[in-house]
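The values are calculated or read from the model by the stated rules, or taken from the named source; none is laboratory data. All of these numbers come straight from a predicted model, not from anything done at the bench. Every residue, glycine as well, gets a Cβ built from its backbone with ideal geometry; the counts of neighbours run over all protein chains shown.
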Ligand code: NAP
């Protein structure tokens, strides 16, 4: 055991800047939803000596960085929060159907303060290397601000969408205007008054920010490479009585979420769209469209597995787009045709398609006419067209799921880097562990349901599972835990085969596949068989004393 490290007040730094070295039981990287709960679980439930390092100056993860206008979650407020504490659930009151960025950030700060987490978080510390020391059975981690940490366990809570994708467009340094990526938005905000703005990208982020920027700027040009589906969010303020009712029904909400495929408190009725008569299905679709949000897709249960049903739903949305956009040529340019609805993460919006009816908004198809280069005062397209801009916004997404992990310089057993191990795509056991990377645990990693779910449900499940595993290790003097090669390869091929039974692989350019990043290996990364089934696997593995993980004690005996 590590009595010297465990609960040693001397290793709890009062002033991190003054102390450059930390000796810990566990280091957690990231102070978003997952890092905060993992910290609480290991420190306050297991009594481990644990700290967090966080690149930002505050907690919040995704919601700390993504402060662009219109940033809002597409999970509904009362589901997008921690359920491990009824006290937190009851005390926090959400104001709208979907929580906005600022409200989520306030919520996470509220939880941080209630649980007294800040004292264990080292802010402004980005991990630059994490190397497994086989002799000491420790991870040795360095940060950009000079912290050197030795920890028995390394837990990454770095988020699935945190490594920004900034396209390399020539001449960028010659541009004299302001340039932003939505995922690294300035804290002081951006003033669009009387400004000519260009937004590149029409994913969930672009679709959220375009209507707001259009409203506040002199002129907006949207550079669209691929048209996207979007469903109205139908956001609205919540009646104060909603919260009281919710408090009486917390257990029911929780049960429903955990029983579902996607971690939301509803499940699709057992009906196939293509089998329902046209007049009946039109009524159902219209009603679902009025309800809005992610529930729309769940009005039938075969949208992600049956091409015929998906086409009917996709056509329904295309008709809505044409009905909304006044100019039929612009309407046509906004029609998504390259992927079935829902096989890319479906955005939900407030007045997205309506925005193209404004006089101050232009749409440019950059698949037909790609960006050639930046100029002093704007962008030049391949055909020589010049687009003036005071501000250019990249809403170009992320190197999803594996990007942030690979940037950390992780090197495991026998000097194997994670880069090398994943050169043909991420391989994990349950998304949680990687062979040759002992005592490394990934929260919501590739191979777990993560981004296909309501994230806090997937996060709580992972954190609880990792916490139970570490409790087991502490109880049985286990020194190293490592995913076995066979278990990892079997799981990874199961992840692929499950995805292949759905329509997901039909979206050729989706970030689920890594296809949005030039040169990234194409593998379908999230686990598509549902959070409900995934949880059952995890329970089974734990009941079998963590079969699939090799465990060694202090005497190097396998347990
Ligand atoms: P995204 O879905 O990857 O969309 C990026 C957009 O930028 C796409 O339109 C893409 O075009 C375009 N793009 C990328 N590289 C480009 C290049 N080199 N030149 C021109 N265009 C380029 O990223 P995102 O919109 O940031 O969303 C990422 C994910 O974050 C979402 O899917 C969702 O999971 C999450 N998110 C959630 C919410 C919410 O909860 N409401 C809000 C925002 C984001 P192509 O399609 O042609 O690649």
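Taking the criterion of being part of a loop (DSSP other than H, G, I, E, B), more than 22 Å from residue 293 (Cβ to Cβ) and within 16 Å of the ligand (Cβ to nearest atom), the residues of the range 189-230 that qualify are 225, 226. Within the range 375-396, being away from the ligand (no atom under 16 Å from the Cβ), in a strand (DSSP E or B) and touching a helix residue (DSSP H, G or I) at 6+ places or on another chain (Cβ under 7 Å) holds for one residue alone: 375. Taken over the range 439-464, the criterion of being crowded, with 21+ Cβ neighbours inside 10 Å, out of contact with any strand residue (DSSP E or B) (no Cβ under 8 Å at 6 or more places or on another chain) and not in a loop (DSSP other than H, G, I, E, B) is satisfied by 450, 452, 455, 456, 457, 458, 459, 460, 461, 462, 463. Inspect all residues belonging to the range 464-484 and state whether any of them is more than 16 Å from the ligand (Cβ to nearest atom), more than 21 Å from the chain's Cα centre (by Cα) and over 30 Å from residue 135 (Cα atoms). Scanning the range 464-484, I find no residue that is more than 16 Å from the ligand (Cβ to nearest atom), more than 21 Å from the chain's Cα centre (by Cα) and over 30 Å from residue 135 (Cα atoms), so the answer is no. Selection of the range 513-527 for residues being touching a residue at least 60 places away in the same chain (Cβ under 8 Å), more than 8 Å from the ligand (Cβ to nearest atom) and surrounded by fewer than 23 Cβ atoms within 10 Å (Cβ to Cβ) yields 514, 517, 520, 521, 522, 523. The single condition from (1) more than 12 Å from the ligand (Cβ to nearest atom); (2) within 19 Å of residue 168 (Cα to Cα) that residue 400 fails is (1). Does the range 244-256 include one or more residues that are assigned to a loop (DSSP other than H, G, I, E, B) and either closer than 30 Å to residue 539 by Cα or modelled with pLDDT under 95 (or both)? For the range 244-256, residues assigned to a loop (DSSP other than H, G, I, E, B) and either closer than 30 Å to residue 539 by Cα or modelled with pLDDT under 95 (or both): present. When the strands (runs of 3 or more DSSP E) confined to the range 73-182 are screened for residues that are touching a residue at least 40 places away in the same chain (Cβ under 8 Å) and either outside the structural domain of residue 448 (by TED's automatic domain parsing) or within 22 Å of the chain's Cα centre (by Cα) (or both), those reaching at least 2 such residues are found at 127-133, 148-156, 178-181. Scanning the range 278-316 for residues that are surrounded by 20 or more Cβ atoms within 10 Å (Cβ to Cβ) and on the phi > 0 side of the Ramachandran plot yields a single hit, 293.
Taken over the range 1-55, the criterion of being modelled with pLDDT of 90 or more and in a loop (DSSP other than H, G, I, E, B) is satisfied by 30, 31, 32, 46, 47, 48, 49, 54, 55. Evaluate the range 301-309: report whether one residue or more is modelled with pLDDT of 95 or more, in a helix (DSSP H, G or I) and more than 28 Å from the chain's Cα centre (by Cα). Yes, there is a match, as at least one residue in the range 301-309 is modelled with pLDDT of 95 or more, in a helix (DSSP H, G or I) and more than 28 Å from the chain's Cα centre (by Cα). Residues in the range 61-72 that are more than 11 Å from the ligand (Cβ to nearest atom) and in a loop (DSSP other than H, G, I, E, B) were compared, and the one that is farthest from residue 97 (Cα to Cα) is 61.
Note on the range 336-358: residues that are more than 13 Å from the ligand (Cβ to nearest atom) and within 19 Å of residue 293 (Cα to Cα) amount to 6. The residues in the range 512-529 that are in a loop (DSSP other than H, G, I, E, B) and touching a helix residue (DSSP H, G or I) at 6+ places or on another chain (Cβ under 8 Å) can be counted, and the count is 9. Summed over the range 113-140, residues that are surrounded by 21 or more Cβ atoms within 10 Å (Cβ to Cβ) and over 12 Å from residue 52 (Cα atoms) total 4. Going residue by residue through the range 231-240, is there one that turns out to be modelled with pLDDT under 95, more than 16 Å from the ligand (Cβ to nearest atom), over 28 Å from the mean Cα position of the chain (by Cα) and assigned to a helix (DSSP H, G or I)? The answer is yes; a qualifying residue exists.
Reported count of residues in the range 322-356, each being within 21 Å of residue 72 (Cβ to Cβ) and assigned to a helix (DSSP H, G or I), is 5.
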